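> One structure, pasted below without further comment.
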């Protein structure tokens with residue numbers, strides 16, 4: 001058959017217009033300075049930061065990408081066979097690279113042809129769709145720009161749904177934010193639907209911490225890039241050399257907290273805010289949290305939202321899990 005007759009169909013819909021970068025960054029910085037000095041991780045991902053993160057996924061210490069890829073390559077057929085989805089809907093889809101095994105399994109099983117991606121970045125959606133259209137020419141690709149906390153309910157459905165939230169993005173959310181996302185997802189699930197969630201598991205700190213503070217210093221450069229973003233976007237003069245990066249384990253919260261710590265007293269101006277900010281030596285700014293999970297504890301969290309874990313798939317070293325979740329029949 002001529003390939004030109006089997007080109008993927010791609011549609012794009014804007015559910016919520018993304019906020020202007022400077023406005024969002026300014027609001028978040030004010031909140032961080034006034035309410036605990038913790039920034040949303042989204043601001044790490046300008047062009048330079050995104051390139052640094054891609055490098056992080058390739059350093060020897062960063063186990064997460066490889067572990068999840070192993071699970072999806074091994075279990076995609078079984079997951080699709082269990083759900084028999086008419087469509088796959090992905091939250092925070094980004095590049096959609098990890099989704100390929102599941103899309104192939106769905107098409108080979110003959111259960112469905114639709115892939116809907118919901119992400120805040122229109123550029124990322126467009127780039128992913130271009131690649132997926134080549135790799136899966138019979139796929140129906142529907143891109144949605146928006147906030148998956150509030151916009152998932154506006155994504156139309158075409159039958160039984162396999163909802164995806166891959167990577168360790170759920171772990172970057174504070175508990176209240178995580179519960180909000182899980183509740184929003186639960187409200188869209190119907191009998192027969194399923195939700196596949198990527199979870200980074202609690203593990204030995206000798207394995208865990210180097211993934212967030214590698215020997216090459218790529219993670220450190222990634223964290224410090226936040227100061228470059230603030231300086232550039234908000235007309236600030238925060239000196240990068242006055243801060244060091246660290247990743248620390250919080251055993252009570254079971255999360256890694258990534259920080260920029262002042263190594264001396266710092267006074268800087270933020271022109272866009274018409275504000276002077278200060279850090280005493282030892283003060284820190286949190287750039288990111290990464291919560292780790294125990295399936296049994298996560299099951300309790302899900303149960304309060306009317307969800308239940310059906311299957312836990314782990315990689316061969318039991319570092320990462322993909323849990324298949326269903327609406328609780330009870």
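> Answer yes or no as to whether residue 296 is farther than 21 Å from residue 73 by Cβ, in contact (Cβ under 8 Å) with a residue 12 or more places away in the chain and not in a strand (DSSP E or B).
no
> Conditions first: (1) in a loop (DSSP other than H, G, I, E, B); (2) touching a residue at least 24 places away in the same chain (Cβ under 8 Å). Residue 53 passes all but one, so which condition is the exception?
Answer for residue 53: the failing condition is (1).
> Within region 182-204, can one find any residue that is surrounded by fewer than 20 Cβ atoms within 10 Å (Cβ to Cβ) and under 21 Å from residue 18 (Cβ atoms)?
yes
> Further question on the same structure: Only one of these conditions is not met by residue 95: (1) touching a residue at least 40 places away in the same chain (Cβ under 8 Å); (2) out of contact with any strand residue (DSSP E or B) (no Cβ under 9 Å at 6 or more places or on another chain); (3) part of a loop (DSSP other than H, G, I, E, B). Which number is it?
Status for residue 95: all satisfied but (1).
> In addition: Could you please find all residues in region 39-49 being in a helix (DSSP H, G or I) and either crowded, with 17+ Cβ neighbours inside 10 Å or more than 13 Å from the chain's Cα centre (by Cα) (or both)?
Going residue by residue through region 39-49, those that are in a helix (DSSP H, G or I) are 41-44, 47-49.
If the condition is that a residue be in a helix (DSSP H, G or I) and either crowded, with 17+ Cβ neighbours inside 10 Å or more than 13 Å from the chain's Cα centre (by Cα) (or both), then 41, 43, 44, 47, 48, 49 are the ones that fit.
> Quick check on region 121-136. Is at least one of its residues within 15 Å of the chain's Cα centre (by Cα), crowded, with 22+ Cβ neighbours inside 10 Å and outside any helix (DSSP H, G or I)? Steps first, answer last, please.
Keep residues of region 121-136 that are within 15 Å of the chain's Cα centre (by Cα), which gives 121, 124-125.
Then keep just the ones that are crowded, with 22+ Cβ neighbours inside 10 Å; that gives 125.
Narrowing further to those that are outside any helix (DSSP H, G or I): none.
Within region 121-136 (the criterion being within 15 Å of the chain's Cα centre (by Cα), crowded, with 22+ Cβ neighbours inside 10 Å and outside any helix (DSSP H, G or I)), the answer is no, since none of the residues qualifies.
> Looking at region 146-208, what helices (runs of 4 or more DSSP H) fall wholly within it and have at least 3 residues that are closer than 18 Å to residue 41 by Cα?
175-188
> Tell me which residues, restricted to region 104-118, are in contact with a strand residue (DSSP E or B) (Cβ under 7 Å, 6 or more places away or on another chain) and surrounded by fewer than 23 Cβ atoms within 10 Å (Cβ to Cβ).
Those that are in contact with a strand residue (DSSP E or B) (Cβ under 7 Å, 6 or more places away or on another chain) and surrounded by fewer than 23 Cβ atoms within 10 Å (Cβ to Cβ): 113, 114.
> Give region 70-92 a look and list any residue that's over 13 Å from residue 314 (Cβ atoms) and either outside the structural domain of residue 164 (by TED's automatic domain parsing) or buried (at least 17 other Cβ atoms within 10 Å of the Cβ) (or both), or say none.
So in region 70-92, the residues over 13 Å from residue 314 (Cβ atoms) come out as 73, 76-92.
Scanning region 70-92 gives 76, 79, 80, 83, 85, 86, 87, 88, 89, 90, 91, 92.
> Mind checking which residues of region 241-263 are in contact with a strand residue (DSSP E or B) (Cβ under 9 Å, 6 or more places away or on another chain) and either exposed (fewer than 14 other Cβ atoms within 10 Å of the Cβ) or outside any strand (DSSP E or B) (or both)? Quick ask: steps written out before the conclusion?
Quick first cut of region 241-263, residues in contact with a strand residue (DSSP E or B) (Cβ under 9 Å, 6 or more places away or on another chain) only: 242-250, 253-263.
Within region 241-263, 242, 250, 253, 254, 263 qualify.
> Of 329, 280, 303, 262, which residue is farther than 15 Å from residue 202 by Cα and touching a helix residue (DSSP H, G or I) at 6+ places or on another chain (Cβ under 7 Å)?
On inspection, the qualifying residue turns out to be 262.
> Here's a follow-up. Can you find even one residue in region 306-320 that is outside any strand (DSSP E or B), assigned by TED's automatic domain parsing to the domain that holds residue 179 and either surrounded by 19 or more Cβ atoms within 10 Å (Cβ to Cβ) or without any contact (Cβ under 8 Å) to a residue 40 or more places away in the chain (or both)?
Yes: one or more hits.
The values are calculated or read from the model by the stated rules, or taken from the named source; none is laboratory data. No experiment lies behind these values; they were computed from the predicted model shown. Neighbour counts are summed over all protein chains in view; Cβ atoms, including those assigned to glycine, are modelled from backbone coordinates with ideal geometry.
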